[in-house]
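Encoded as structure tokens, the structure appears first; notes follow it.
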Amino acid sequence: MRSVLFAILVGLAGAALLHIVIVLALPQFTGRDAYTRVLGLLEMDSFFLLTTEPGATGLDNKDPFLRTAACSFSLAEAPVRLVARGAVPFWSLSIFDSGSNEVFSMNDQTAVNGNLDLVVATPIQLVELRKSPPEALAQSIMIEMKDEEGYAVLRALAPLDSFDAQVRNFLADSRCEPFQR
């Protein structure tokens, strides 16, 4: 009797685990994961401002106080430099790999002088940059990412309508581009 009860419990636990794995892996198989959606926005290496209405990829910006921009990038040829400057009430940045795993995040309170200046590189590229650091990267934060492809999400807060133009300009002027020495 005990062995039958044990077999049933093991079977139920296995079935529950299998269902959880299937549900979590489903976006990867359907092409509806966040990385695939960001790749479909526009072109790589530039921030794309999301609108309140879902675009062709299904990405949108529903929060009435946050404006969001996304950028997909590849580190295959060169590191990527993310730069944003301007006075906004609050901004935050998150870097994700191609599996939509968060690699790094920061906000205006943790940035040098409140400005975004970040370089994302593979481990080998990072070693090369640290051997002979360019003067242009003196204030930059260096981030190591093992995956060669990923995306960045930059959000800025517009708590009142009067901040909207300022925040949109901040996001529009933000750069996400390969770093060239």
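Would you please name the residue that is modelled with the lowest pLDDT, looking only at residues in the stretch 128-144 that are part of a helix (DSSP H, G or I) and over 14 Å from Ala78 (Cβ atoms)? Here the answer is Glu135. Using beta carbons and a limit of 8 Å, which pairs, at least six apart or on different chains, have the first residue in the stretch 75-103 and under 18 Å from Met142 (Cβ atoms) and the second one part of a loop (DSSP other than H, G, I, E, B) and among the aromatic types (Phe, Trp, Tyr)? As it stands, the answer is Ala78/Phe179; Pro79/Phe179; Val80/Phe179; Arg81/Phe179, since those pairs meet every condition given. Restricting attention to the stretch 66-103 and to residues that are touching a strand residue (DSSP E or B) at 6+ places or on another chain (Cβ under 6 Å) and not in a strand (DSSP E or B), the residue that is modelled with the lowest pLDDT turns out to be Ser98.
When Met106 is tested against (1) within 18 Å of Leu50 (Cα to Cα); (2) of a type in the set (A, V, I, L, M, F, W, C); (3) not in a helix (DSSP H, G or I), only condition (1) is not met. In summary, Gly99 fulfils each of the numbered conditions (1) surrounded by fewer than 22 Cβ atoms within 10 Å (Cβ to Cβ); (2) over 13 Å from Cys176 (Cβ atoms); (3) more than 14 Å from the chain's Cα centre (by Cα) with the single exception of condition (3).
Can you name the residue in the stretch 155-181 that is outside any strand (DSSP E or B) and of a type in the set (Gly, Ala, Ser) and, of all such residues, is most open to solvent (accessible area, probe 1.4 Å)?
If we take residues in the stretch 155-181 being outside any strand (DSSP E or B) and of a type in the set (Gly, Ala, Ser), then Ser162 is most open to solvent (accessible area, probe 1.4 Å).
Taken as a whole, the structure leaves Gln180 outside the set of residues that are touching a Pro at 6+ places or on another chain (Cβ under 7 Å), more than 30 Å from Glu53 (Cβ to Cβ) and of a type outside the set (D, E, K, R).
The values are calculated or read from the model by the stated rules, or taken from the named source; none is laboratory data. In this text, all values refer to a predicted model and were calculated from it rather than measured experimentally. Backbone-built Cβ (ideal geometry, glycine too); neighbour counts: all protein chains shown. Only protein heavy atoms, including side chains, enter the accessible area calculation; ligands, DNA and RNA are left aside. Shrake-Rupley method; radii C 1.70, N 1.55, O 1.52, S 1.80 Å.
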